[in-house]
There are 2 protein chains.
Amino acid sequence: MPLSINQLNAASPAEAVALLDGVYEHSPWIAEKALAARPFKSLQHLKHAMARVVNDAGADAQLGLIRAHPELAGKAMTTNTLTAESTNEQRKAGLTDCTPEELEKIRQLNAAYGAKFGFPFILAVRGPRGTGLQKQEIIDTFERRVDNHVDFERAESLRNIHRIAEIRLNDKFGVTPALGNDVWDWHEQLAEHSDPGFKEKGQLTVTYLTDAHRACAAQIAALMREVGFDTVEIDAVGNVVGRYEASVPGARALLTGSHYDTVRNGGKYDGRLGIFVPIACVRELVRQGRRLPFGFEVVAFAEEEGQRYKATFLGSGALIGHFNPDWLLQKDAQGVTMREAMQQAGLREQDIPAIQRAPARYLGFVEVHIEQGPVLNELELPLGIVTSINGGVRYVCEVIGMASHAGTTPMDRRRDAAAAVAELMVYAEQRAAQDGDSVATVGMLEVPSGSINVVPGRCKFSLDMRAPTNAQRDAMVADVLATLDAIVQRRGLRQTRELAMQASAAPSAPDWQQRWERAVDALGVPLFRMPSGAGHDAMKLHEVMPQAMLFVRGLNAGISHNPLESSTNDDIELAVNAFQHLLDDLAKEQTPTTP
Amino acid sequence: MPLSINQLNAASPAEAVALLDGVYEHSPWIAEKALAARPFKSLQHLKHAMARVVNDAGADAQLGLIRAHPELAGKAMTTNTLTAESTNEQRKAGLTDCTPEELEKIRQLNAAYGAKFGFPFILAVRGPRGTGLQKQEIIDTFERRVDNHVDFERAESLRNIHRIAEIRLNDKFGVTPALGNDVWDWHEQLAEHSDPGFKEKGQLTVTYLTDAHRACAAQIAALMREVGFDTVEIDAVGNVVGRYEASVPGARALLTGSHYDTVRNGGKYDGRLGIFVPIACVRELVRQGRRLPFGFEVVAFAEEEGQRYKATFLGSGALIGHFNPDWLLQKDAQGVTMREAMQQAGLREQDIPAIQRAPARYLGFVEVHIEQGPVLNELELPLGIVTSINGGVRYVCEVIGMASHAGTTPMDRRRDAAAAVAELMVYAEQRAAQDGDSVATVGMLEVPSGSINVVPGRCKFSLDMRAPTNAQRDAMVADVLATLDAIVQRRGLRQTRELAMQASAAPSAPDWQQRWERAVDALGVPLFRMPSGAGHDAMKLHEVMPQAMLFVRGLNAGISHNPLESSTNDDIELAVNAFQHLLDDLAKEQTPTTP
């Protein structure tokens, strides 16, 4: 018989603490303090109250909580002295079933981690359906995290402890994020398809029009049909398009979607979350036998990542008439042209122009996407409202000075190319920070053939600068480049620079952004607005119709384009609920009110 | 009949200008103005007066002078419209004798240089004996200089113009730097020996105990015998030791010398200048039938560069008992141990301890060396007084942050390893400059596998810090490392750092430094004191006796460890004269004055 919120609210203090026993490992003080906030309105309310107690408890108490946890697959497991909850979790992750080699690897990692940080490695190993992370993912995450800074690991441990508590509370209260679990499963199933050379290594890679890519399209199309879309088709560039028709004939449609291709050795959620979340919404509408007063068109874009061919945003671009026929002549690494690949996939290039949508037929475009960054994770927020997709420029630069002897060249007679770049880097970092939401990055940096005792004569570097509006971006770029010019001039150096990329900002349409905000607010999730630093399919649709995006938290420091990219069933459930709310909201707006 | 200073001083203004015709190409205004300084005390005085007119003339007049010069092997040469002086110089450099390929290469360089700088490439192509630079050296220098900054090239052009004027004035006045020419020749002859694999390419490489190295030792020994040293021997580590005995039996000796090994593809003067200059002094003493009241011991050190074996300063180290027997087991790239190499060269390792000198038997150690830096060249000074051989430390470091998406990671949530290193570099540069004569260099710098759109998670770099005293160096190092610690701490990063080298400073003994100063002053050369940024054999002798060094200007921005390292017969003549003065000075000090 699961616990209920009413039961917890009605219990005596001692009983209530007992009811919450085991939620936070060996730390009943958290329940004791959190219960002062009774009565709880919801399970979500209880979760937040308990998490807040931890976050407000101060560094010593937090460290005590972290240290109250057992080592992963450690002595407590092998000697059967874990709490019942930990035993269950470690067993479900397959950790009680390790080979001697795996146990030895984990033992070494535990030793290294403990020696470095002074507390045990904590990872929420259970996912939906009870299966959760697999042994190898756990070991990979462990290896990654042992390299982190202690401050980060302390915060990451607490985040994992909160996630563990969330799962344990779900168990106690018999609550299942059913929609989140299903959408999670769909991601797992789609991730079964991977390109040759990657699948064998357990890596996820789905590039344009490979067998794995076509299998993904077929699987998404099958799912759309299964849940009850009215029409499902794979279009001339490989996009999977499902329509759920409006209650009113001839009504305009809401367009949504994201991409199903991946980078090499990528994550399961990048793009795909924005396909499966609206599919779950349609399934619920069908189950309710409900039509909306507008059409709902979900597109799984075939190509966004530009991996097999340099044709980024091919899928969404085709919807706005941006298919470039020159792309057809491009060859992949095996020498196969895009035209050949399309013919082999049964796609007809002569049908591509017809894909272009008439904007007047659409209300707008919305896209759900995993954040691919650390912000929501750090703030412990499941959802974020995108204010703009940042515009960016990239330069590849070189500063040329004069190489000379590090011992014999006085400071005032140097033409040090690297010192000049360092000066620029310090400026660029400050200049971007000054805006608050601009970013500037020197990601590539090298003194070619540098020697310890030679003043650098050359320094190569890249500059990547992004901001939520073109004007803000351009002001920053102008300042940074003027500073580079001034530094180079003052130091008597030369420079070369090449514009490698330029993309316009795509600010969210205010009314669409507000619809997401109302949806998130209605879920009791704190509102958080943020720009998107990465590019998304919504940038293409932005050129012809209003758009706005919703971000879903990525765990593990928000890592993306990496197998460790991850989300949770609970967060996904919230994303589906938010999308449902947006649809309901829009339905109310579109229904003509009687005067 | 050569011109004389008296004749020039007595001439009418118009006659005097005519007498100096052609010294500065198509620019009689320089002679006109310089003649205001008559009467000239010496040719040296005239040279300085003319150079000063140019240096004080302002940028426009200087540019006019530079542009008055013909292109190297350019149209004026092929159409026979050069000045007589230029024709002579270009012919002697072999430029009138170029292959079509060489002419085409020079034509391209002239075009690139002219387009970049707006003036012709100027190089003093004549050396002593009229042979001067060879075609290939000229082309190499041209290729190197076309990459320079315009400010540098303007100054470098003027320096070459002054050098051309000096040669032309020597011609007019029938002056020959005879000692400088001989010492120049000795360098040329010794440079005939080079290790296999380099000699074929025309490159100079002489590493410890190779056939070329042993041939060098034999040649130096033969020269010492030829000029009249009393005893000459090759010692147990391969040093060539020549002694010119004192007039007084049992008198202490002055020790001097430098190394005859080279780096790979090195220059002709590095080390060897400090061997041949004192040999020239002994030759003159012998010619005069003169003995000094102290012994004079010239050592050509066998090993200083640590190229074949990691045994830097082996030659000078052996004189102070620092031969490390572990070195004997080291293998070269071909697997030959040092012991085997010594046996093959007929050196007896059991005799090594006997090489150690008794400091009480010596007055001190002096060393002449090419500067290996840009300072004297920039200041247009032929000689410099070394105040100290800088002490140095080297670190190899890595800062570790967290790689993350350049678009999605806000500035305030980054753990950017490269930004931290940039901040340190800006500080280190300022901190070293603050001392005036300290240097700090980040010569190696790299974001491993950096990407344009990834915030750097790692940044590797080197730190080389040097100063004239250990205290000054240590204060700087402490500040720089404390700043690194603070940056890493503040930004939540980690670091590793490894001490790669530490060497003590070797300040010059004040009385010995003053002897060099008196010698340089007596030549009418302005005194300029400077630390030595590079290490030298004098550092080893410093540990047991007083020492002081004299630097000779290196041309071509002071480039060293490079085939373009160069000196002139005039500068070398001055170095010999300075050394002679120091010997005379010391002879006076050592001669007991009658009470």
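Residues A:15, A:71: which one is part of a loop (DSSP other than H, G, I, E, B) and over 17 Å from residue A:166 (Cβ atoms)?
The unique qualifying residue is A:71.
Taking the stated definitions as given, is residue B:421 surrounded by 24 or more Cβ atoms within 10 Å (Cβ to Cβ), under 25 Å from residue A:502 (Cα atoms), among the aliphatic types (A, V, I, L, M) and more than 19 Å from the chain's Cα centre (by Cα)?
For residue B:421, the condition - surrounded by 24 or more Cβ atoms within 10 Å (Cβ to Cβ), under 25 Å from residue A:502 (Cα atoms), among the aliphatic types (A, V, I, L, M) and more than 19 Å from the chain's Cα centre (by Cα) - is not met.
Against the definition (over 30 Å from residue B:416 (Cα atoms), among the aliphatic types (A, V, I, L, M) and in a loop (DSSP other than H, G, I, E, B)), how does residue A:175 come out, yes or no?
The answer is yes for residue A:175.
I'm trying to understand the selection: among the residues of segment A:575-595, which are modelled with pLDDT of 95 or more and either within 19 Å of residue A:178 (Cα to Cα) or part of a loop (DSSP other than H, G, I, E, B) (or both)?
A:575, A:576, A:577, A:578, A:579, A:580, A:581
With respect to residue A:488, is the statement that it is in a helix (DSSP H, G or I) and within 11 Å of chain B (Cβ to nearest Cβ) true?
Spelling it out, residue A:488 is indeed in a helix (DSSP H, G or I) and within 11 Å of chain B (Cβ to nearest Cβ).
Quick check on segment A:97-107. Is at least one of its residues touching a residue at least 12 places away in the same chain (Cβ under 8 Å) and among the hydroxyl-bearing types (Ser, Thr, Tyr)?
No, there is no match, as no residue in segment A:97-107 is touching a residue at least 12 places away in the same chain (Cβ under 8 Å) and among the hydroxyl-bearing types (Ser, Thr, Tyr).
Would you confirm whether or not segment B:498-510 contains a residue that is out of contact with any Gly (no Cβ under 9 Å at 6 or more places or on another chain) and surrounded by 23 or more Cβ atoms within 10 Å (Cβ to Cβ)?
So far as segment B:498-510 goes, yes, one or more of its residues are out of contact with any Gly (no Cβ under 9 Å at 6 or more places or on another chain) and surrounded by 23 or more Cβ atoms within 10 Å (Cβ to Cβ).
Identify, by number, the condition in (1) within 14 Å of chain B (Cβ to nearest Cβ); (2) surrounded by 24 or more Cβ atoms within 10 Å (Cβ to Cβ) that residue A:367 doesn't meet.
Failed condition: (1).
May I ask you to list the residues in segment A:311-322 that are over 18 Å from residue A:256 (Cβ atoms) and either among the hydroxyl-bearing types (Ser, Thr, Tyr) or in contact with a Phe, Trp or Tyr (Cβ under 8 Å, 6 or more places away or on another chain) (or both)?
Passing the criteria: A:311, A:312, A:314, A:322.
Please find, among A:324, A:265, the residue that is modelled with pLDDT under 95 and over 30 Å from residue A:563 (Cα atoms).
Just one listed residue meets the conditions, A:324.
On the given criteria, is residue A:57 more than 16 Å from residue A:122 (Cα to Cα) and small (Gly, Ala, Ser)?
Considered against the rule, which asks whether it is more than 16 Å from residue A:122 (Cα to Cα) and small (Gly, Ala, Ser), residue A:57 comes out as yes.
Here is a yes/no grid of residues against (1) of a type in the set (Gly, Ala, Ser); (2) at pLDDT 95 or above; (3) under 25 Å from residue A:230 (Cα atoms):
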residue: A:299; (1), (2), (3): no, yes, yes
residue: A:307; (1), (2), (3): no, no, no
residue: A:328; (1), (2), (3): no, yes, no
residue: A:342; (1), (2), (3): no, yes, no
residue: A:359; (1), (2), (3): no, yes, yes
residue: A:363; (1), (2), (3): no, yes, yes
residue: A:368; (1), (2), (3): no, yes, yes
residue: A:385; (1), (2), (3): no, yes, no
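Just to verify a result, which residue in segment B:131-153, among those that are buried (at least 18 other Cβ atoms within 10 Å of the Cβ) and of a type in the set (Lys, Arg), is modelled with the lowest pLDDT?
For segment B:131-153, the residue satisfying everything is B:135.
From A:541, A:550, which residue is touching a strand residue (DSSP E or B) at 6+ places or on another chain (Cβ under 6 Å) and in a strand (DSSP E or B)?
Matching residue, one of A:541, A:550: A:550.
For segment B:107-130, enumerate the residues that are part of a helix (DSSP H, G or I) and at pLDDT below 90.
B:128, B:129, B:130
Restricting to segment B:247-282, give me the number of residues that are within 14 Å of residue B:586 (Cβ to Cβ) and surrounded by fewer than 19 Cβ atoms within 10 Å (Cβ to Cβ).
Residues flagged as within 14 Å of residue B:586 (Cβ to Cβ) and surrounded by fewer than 19 Cβ atoms within 10 Å (Cβ to Cβ) within segment B:247-282 amount to 4.
Being touching a residue at least 24 places away in the same chain (Cβ under 8 Å), within 32 Å of the chain's Cα centre (by Cα) and assigned to a loop (DSSP other than H, G, I, E, B) is the filter here, so list the residues in segment B:334-357 that pass it.
Within segment B:334-357, B:345, B:347, B:356, B:357 meet the criteria.
How many residues, within segment B:434-479, are within 7 Å of chain A (Cβ to nearest Cβ) and of a type in the set (Phe, Trp, Tyr)?
0
Across segment A:387-433, which residue is farthest from residue A:366 (Cα to Cα) among those that are of a type in the set (Ser, Thr, Tyr) and either in a strand (DSSP E or B) or at the interface with chain B (Cβ under 7 Å from one of its Cβ atoms) (or both)?
Per the criteria, the residue is A:408.
I'd like to know if segment A:440-462 contains one or more residues that are under 24 Å from residue A:536 (Cβ atoms), in a helix (DSSP H, G or I) and either of a type in the set (Phe, Trp, Tyr) or without any contact (Cβ under 8 Å) to a residue 40 or more places away in the chain (or both).
No, every residue in segment A:440-462 fails to be under 24 Å from residue A:536 (Cβ atoms), in a helix (DSSP H, G or I) and either of a type in the set (Phe, Trp, Tyr) or without any contact (Cβ under 8 Å) to a residue 40 or more places away in the chain (or both).
Residues in segment B:40-60: is at least one farther than 17 Å from residue B:159 by Cα and over 32 Å from the mean Cα position of the chain (by Cα)?
No, there is no match, as no residue in segment B:40-60 is farther than 17 Å from residue B:159 by Cα and over 32 Å from the mean Cα position of the chain (by Cα).
Tally time: how many residues in segment A:434-468 are closer than 17 Å to residue B:411 by Cβ and within 24 Å of the chain's Cα centre (by Cα)?
Matching residues across segment A:434-468 total 15.
Here is a list: A:79, A:96, A:87. Which entry is crowded, with 16+ Cβ neighbours inside 10 Å and either of a type in the set (Ser, Thr, Tyr) or in contact with a Leu (Cβ under 9 Å, 6 or more places away or on another chain) (or both)?
A:87
Counting only residues that are under 19 Å from residue A:252 (Cβ atoms) and hydrophobic (A, V, I, L, M, F, W, C), how many does segment A:336-373 have?
Count: 6.
The values are calculated or read from the model by the stated rules, or taken from the named source; none is laboratory data. None of these values were measured; they are calculated from a predicted model. Heads up, the Cβs are rebuilt from the backbone with ideal geometry, glycines too, and the neighbour counts pull from every protein chain shown.
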